[in-house]
Amino acid sequence: MTFTLPELPYAYDALQPYMSKETLEYHHDKHHQAYVTNGNNLLKGTEFEGKSLEEVVKGSFNKNAPLFNNAAQHYNHIHFWKWMKPNGGGTKLPGALAKKIDEDLGGFEKFKTDFAAAGAGQFGSGWAWLAVKNGKLEISKTPNGENPLVHGAVPILGVDVWEHSYYIDYRNRRPDYLKAFVENLINWEYVEEMYSKA
Ligand SMILES: [Fe+2]
């Protein structure tokens, strides 16, 4: 397979004021496109040609760093666009997921605090995650393009904390970006969909 850039599932200005049209134009059209283009070039002639994206990500980890970085970022961004929606966030979660967050993570309010803290605490570029590992939900953070797939877990929500995701709108105020993401952008229906498949 080759990597292709998906369309955004909403208009470029649909997430304003929490994420600007300019941010999405750069982030999707330039940054994500570069991961796709570079990933396709790096895939050529490797043992991973013809494999699924998940297989490329898992198989190239610690083996082929340039390919891994681009393939993992492609995977992360495909989902990142869908983990957001206009009028997202809110307080009402799909039932099964709400119960699981209560059981494993001490409730929705604690989840929001801990998830944002993971993003704020990631030194430099990376991601904060909600993932399913051994049947339990867990919050984690990773550097650069790394994601829970390479740690035996299935990501169901992630937030990009690379500066390209927030610097135009929030400058250095990463915690404000994370608060807006959690309160106003998360597409919980898509998180639930990934949870049900995990
Ligand atoms: Fe990004």
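The values are calculated or read from the model by the stated rules, or taken from the named source; none is laboratory data. Note that the structure is a prediction, hence the values are computed from the model and not measured. All Cβ positions, glycine included, derive from the backbone under ideal geometry; neighbour counts span all protein chains shown.
Within the range 172-192, none of the residues are within 16 Å of the ligand (Cβ to nearest atom), within 25 Å of Asn38 (Cα to Cα) and buried (at least 20 other Cβ atoms within 10 Å of the Cβ). In the range 157-171, of all residues being in contact with a Phe, Trp or Tyr (Cβ under 6 Å, 6 or more places away or on another chain) and in contact (Cβ under 8 Å) with a residue 60 or more places away in the chain, the one that is surrounded by the fewest Cβ atoms within 10 Å (Cβ to Cβ) corresponds to Asp160. Among the residues of this structure, Glu7 counts as one that is away from the ligand (no atom under 12 Å from the Cβ), more than 22 Å from Thr142 (Cα to Cα) and not in a helix (DSSP H, G or I).
For the range 13-28, the set of residues classified as out of contact with any Asp or Glu (no Cβ under 6 Å at 6 or more places or on another chain) and away from the ligand (no atom under 15 Å from the Cβ) consists of Asp13, Ala14, Gln16, Pro17, Tyr18, listed by residue number. Note on the range 111-198: enclosed helices (runs of 4 or more DSSP H) holding 1 or more residues that are modelled with pLDDT of 95 or more and under 12 Å from the mean Cα position of the chain (by Cα) are 188-197. On the stretch given as the range 76-98, residues that are closer than 20 Å to Leu137 by Cβ and assigned to a helix (DSSP H, G or I) total 8.
All conditions in (1) surrounded by 18 or more Cβ atoms within 10 Å (Cβ to Cβ); (2) over 23 Å from Glu138 (Cβ atoms) hold for Ser52, with the sole exception of (1). Checking each residue in the range 80-125 for being basic (Lys, Arg), surrounded by 15 or more Cβ atoms within 10 Å (Cβ to Cβ) and closer than 23 Å to Arg173 by Cα picks out Lys85, Lys112. Taking the conditions (1) within 14 Å of the ligand (Cβ to nearest atom); (2) in contact with a Phe, Trp or Tyr (Cβ under 7 Å, 6 or more places away or on another chain); (3) assigned to a helix (DSSP H, G or I) in turn, Tyr35 satisfies each one other than (2). If you go through the range 32-49 and keep only what is under 28 Å from Gly88 (Cα atoms) and surrounded by fewer than 16 Cβ atoms within 10 Å (Cβ to Cβ), you end up with Gln33, Ala34. Does the range 128-156 hold any residues that are touching a residue at least 60 places away in the same chain (Cβ under 8 Å), within 15 Å of the ligand (Cβ to nearest atom) and not polar (S, T, N, Q), and which are they? Once the filter is applied, which keeps residues that are touching a residue at least 60 places away in the same chain (Cβ under 8 Å), within 15 Å of the ligand (Cβ to nearest atom) and not polar (S, T, N, Q), the range 128-156 yields Gly145, Glu146, Pro155. For Asn70, the conditions (1) modelled with pLDDT of 95 or more; (2) out of contact with any helix residue (DSSP H, G or I) (no Cβ under 6 Å at 6 or more places or on another chain); (3) polar (S, T, N, Q) are fulfilled apart from (2). Residues that are within 16 Å of the ligand (Cβ to nearest atom) and touching a Leu at 6+ places or on another chain (Cβ under 8 Å) within the range 58-71 comprise Asn70, Ala71, listed in sequence order.
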